[in-house]
Amino acid sequence: MCRGDHRTLTNRKEHRLNILIVESAAKTKTLSRYLGKDWKVMATGGHVQTLPFDRTQHGKDAKKAYWANRPGKLPSPPWVWTDRGEEAVQAILAEANEETTFWLATDPDREGEFIAWCLDRILRPHARAVHRVSFQEVTEEAVREALERPRPVDTKMVESALIRKLLDRLVGYRTSKLARGVIPGSASASMGRVQTPTLGFVVDRELEREAHVPIPYFEVRARAEEVDLQVRFHEPGDEEAWKNEAGRAVPTRTFDEGLARRAEDAIRQGGRVQVTEATRGSRTSAPRPPFSTDALLQAAGSRFGWSPKKTSALASMLYEAGHITYIRTDSNRLAASAIQAARKVVAETFGEEHLGRSGGTRTAPAGGGAVQDAHEAIRPTRFQEEDVPLKDADARKLYRLVRAHTLASQMAASRYDTVRIRAEAKDLDRPLTGSVSWRTFPGWEAAYAEFRAQPATSPPPAPLEVGAIWELEPESPESPNPELIEDETQPPPRYRRHTLIRTMKDAGIGRPSTYSKTVEKLEERAYVEIEDGALVPTERGRSVWLQVAPLYVRDDSGTELFSAAYTALMESRLDAVASGGSNGNGSEKATPENGGENGSAGEAVDPASMWESWRDEIRDLHEIARTRTKEGKATPRTRQQLQRLLENAPSEMERPPPPDSLSEQDARGWVERLRQAGVQPAPTETQMDYLRALMEELQLDPSEAAELVDLDDISRIRTSSQASSLIDDLRRLRDERRPPSRKQLALIERLRKDAGLTEAQTAELIDEPDLEGLTGGREGTASALIDRLLEVTGTSAAKGS
């Protein structure tokens, strides 16, 4: 238990009092307005208890990496006060008596549940009753509804939070100590379960930039009658076609400077172009789903240049004042009532024709779902409010963005007319190509008017027909027309704070409550520096990722403690614990590869078994790392990097001794030497296996797949970047062609019958002509249809994928 005694409650007039406890003091004023005189709202300031951390105060427990546990039970470590915890709890107890009822309204997430659990244990001996309540928005309606439906503390979420803390402690304590011994002069070096893989993204991107070999190119651009054109120098199959690092041909670029200059001269001398093809078409632009935490941080970062820390602070201000819903969420779902309110505002503001289909946004489950997806998306609490009465101009701007984005999610797609142009110029044997478009229906973009540049809404003055003659627009020394562009390819861009968070989300590491803090830690610990708004790894950061992290790899299975995949597996298993879900993988033995569960598919996750399997695996990896540190041999990761580079190294280039015989320092030296010489690494086995799996799924033969990256056969893939490019193309193709799963189809059929609908009526729910053309995946029409059917039937079910 915590050191320090609770204040004794004596000599006080006992009367019934309700104390609502929240985390943030900023909420207390807003909540106090909603409650009567028999209520008091108090704040803890965050966590009140934590694991021992100060040896002076907490003795030997402060040095422990983990605590033993009884079979079938999670460890029961001692809990100590946080810096502000004891003071906050004493203040709460000072207001209470034995007739007081405590209402634990900490945040509605895993960390909030853990705080509620701590408070429940501390306060229950001093209370008439203790209740757990939670609400997604700080509005009077939501608060009163929560108070009418109290519940016990969710033990599954608490167990998940506990295992997370224990894992973070074990990984951080063990690996940080070893890092301080490996990296000279780094007495304060630290590593973390999520922090270190995130650092790896930044360092690996910098290595890509350093290994980048610029490819020069020439382009010729011209502008006629308000239409931008480019010379098409080559076709993709031409032998002399210009290709980028991934081997993809770009027809409007050429290596031939003489060809480019002749094209520039011909266009300038001719002074006009003649249209030879004008292909009319149309396109639509669909709205994005409502904001999750990472999407909001990205949007504010890219549009306003705000750091995740600033955006999080402003969003907290809006949430605590009751203007938007809870801000830490992975969900892009909306409650049915929110959809109804948003659509009403859309119809009144922009007209009925701007409404999108009603099944376009998934609804939040009424009482279940995956833990990280159980909340709603971030949205306004009152859609009719166009702005909010706050003094902070940036907070108001963020509110307007959230409102616009949420309204847009309920609106129809915008529509554009397009014309693809092919033209010719006198004395030029290469065509010019370009396209024009103009918006014919604003759709969702009407809600975004404040945040988007307005597009053209009518065609250009030029006649868009074959045979038309277009005069070149006048040129000037500052704006030549035509213009010869001489440039070279650029290395991949460095991460910015918000793009790094997007990468974390895509990789499945971190959670909404930790995204921003993880990136901040990299800066605080001098692992990265900010240069022109971008993240650049320091030598200290490089050392942690390139010297220490590779030590934690198993030779037999290839398991890497600090790989994004391994960390993402931990996160998914923690989610399964929190939701009380099942493993669904049919594993029979508890291993880190399956998350530590035991039992057959469909059985519930066993938290103790999962903790024990992770604990044992991490201890084994740490012993492997210690042994490698003593021996000094090259790590498996470095050996693999070197081998992949040697596969593509020119035969005349000097070769190192066998990688297995090299020290880590020598092997990394050879990797650096080959990268600086412009050698690109060969694809990994994982990439090629994934490519073959995608091809089999799409029923493509090797030549058909290779055509997507302008190769004859996938056996011609020589570099990792080529493989990555083809994987991206095949994944996009799969998403376009992916049929619904049998599980989805079976669920649709069951729900259809429950609702008493014909197949035609069912298809009408999502504006589809029939059920034959449904697409699979989480964003497919089958998923949208299931959500609509769940609304119609008023039930809840898992959709499958």
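When you scan segment 624-643, do you find a residue that is touching a Leu at 6+ places or on another chain (Cβ under 7 Å), open to solvent by 60 Å² or more (accessible area, probe 1.4 Å) and in contact (Cβ under 8 Å) with a residue 12 or more places away in the chain, even just one? Checked segment 624-643: at least one residue is touching a Leu at 6+ places or on another chain (Cβ under 7 Å), open to solvent by 60 Å² or more (accessible area, probe 1.4 Å) and in contact (Cβ under 8 Å) with a residue 12 or more places away in the chain. Checking each residue in segment 525-566 for being crowded, with 19+ Cβ neighbours inside 10 Å, of a type in the set (A, V, I, L, M) and outside any helix (DSSP H, G or I) picks out VAL528, LEU535, VAL553, LEU561.
Out of THR349, THR418, I need the residue that is assigned to a strand (DSSP E or B), more than 22 Å from LEU297 (Cα to Cα) and at pLDDT 90 or above. Which one? Answer to the selection: THR418.
Filtering LEU733, LEU745, LEU757 for residues that are in a loop (DSSP other than H, G, I, E, B) and surrounded by fewer than 19 Cβ atoms within 10 Å (Cβ to Cβ) leaves a single hit, LEU757. Contact annotation: no residue pair with Cβ atoms under 8 Å, 6 or more positions apart or on different chains, pairs a residue in segment 257-273 that is free of Cβ contacts under 8 Å to residues at least 24 places away in the same chain with a partner that is assigned to a helix (DSSP H, G or I). Scanning segment 606-622 for residues that are touching a Pro at 6+ places or on another chain (Cβ under 8 Å) and acidic (Asp, Glu) yields a count of 1. The set of residues in segment 301-338 being open to solvent by less than 20 Å² (accessible area, probe 1.4 Å) and at positive phi consists of GLY322 alone. Count of segment 466-514 residues, restricted to those that are touching a residue at least 12 places away in the same chain (Cβ under 8 Å), open to solvent by 50 Å² or more (accessible area, probe 1.4 Å) and either basic (Lys, Arg) or under 24 Å from VAL536 (Cα atoms) (or both), is 9.
Look at segment 385-409: where a residue is within 14 Å of GLY322 (Cα to Cα) and without any contact (Cβ under 8 Å) to a residue 24 or more places away in the chain and a partner is open to solvent by 30 Å² or more (accessible area, probe 1.4 Å) and assigned to a helix (DSSP H, G or I), sitting 6+ places away or on another chain with Cβ atoms under 7 Å, you get ASP387/ARG396; ASP387/ARG400. Is segment 96-107 home to any residue that is of a type in the set (Ser, Thr, Tyr) and in a loop (DSSP other than H, G, I, E, B)? Within segment 96-107, one or more residues are of a type in the set (Ser, Thr, Tyr) and in a loop (DSSP other than H, G, I, E, B).
SER715 meets each of the listed conditions (1) in a helix (DSSP H, G or I); (2) open to solvent by less than 60 Å² (accessible area, probe 1.4 Å); (3) small (Gly, Ala, Ser); (4) in contact (Cβ under 8 Å) with a residue 12 or more places away in the chain apart from (2). Of the numbered criteria (1) modelled with pLDDT under 95; (2) surrounded by 15 or more Cβ atoms within 10 Å (Cβ to Cβ); (3) under 17 Å from the mean Cα position of the chain (by Cα), the one PRO460 fails is (3). If the condition is being closer than 23 Å to GLU531 by Cβ, within 14 Å of the chain's Cα centre (by Cα) and among the polar types (S, T, N, Q), then segment 274-331 contributes only GLN298.
The values are calculated or read from the model by the stated rules, or taken from the named source; none is laboratory data. Predicted model, so just to flag it, every value in this text is computed and none were measured. Cβ coordinates were reconstructed from backbone atoms using ideal geometry, including for glycine residues, and neighbour counts include every protein chain displayed. Only protein heavy atoms, including side chains, enter the accessible area calculation; ligands, DNA and RNA are left aside. Shrake-Rupley method; radii C 1.70, N 1.55, O 1.52, S 1.80 Å.
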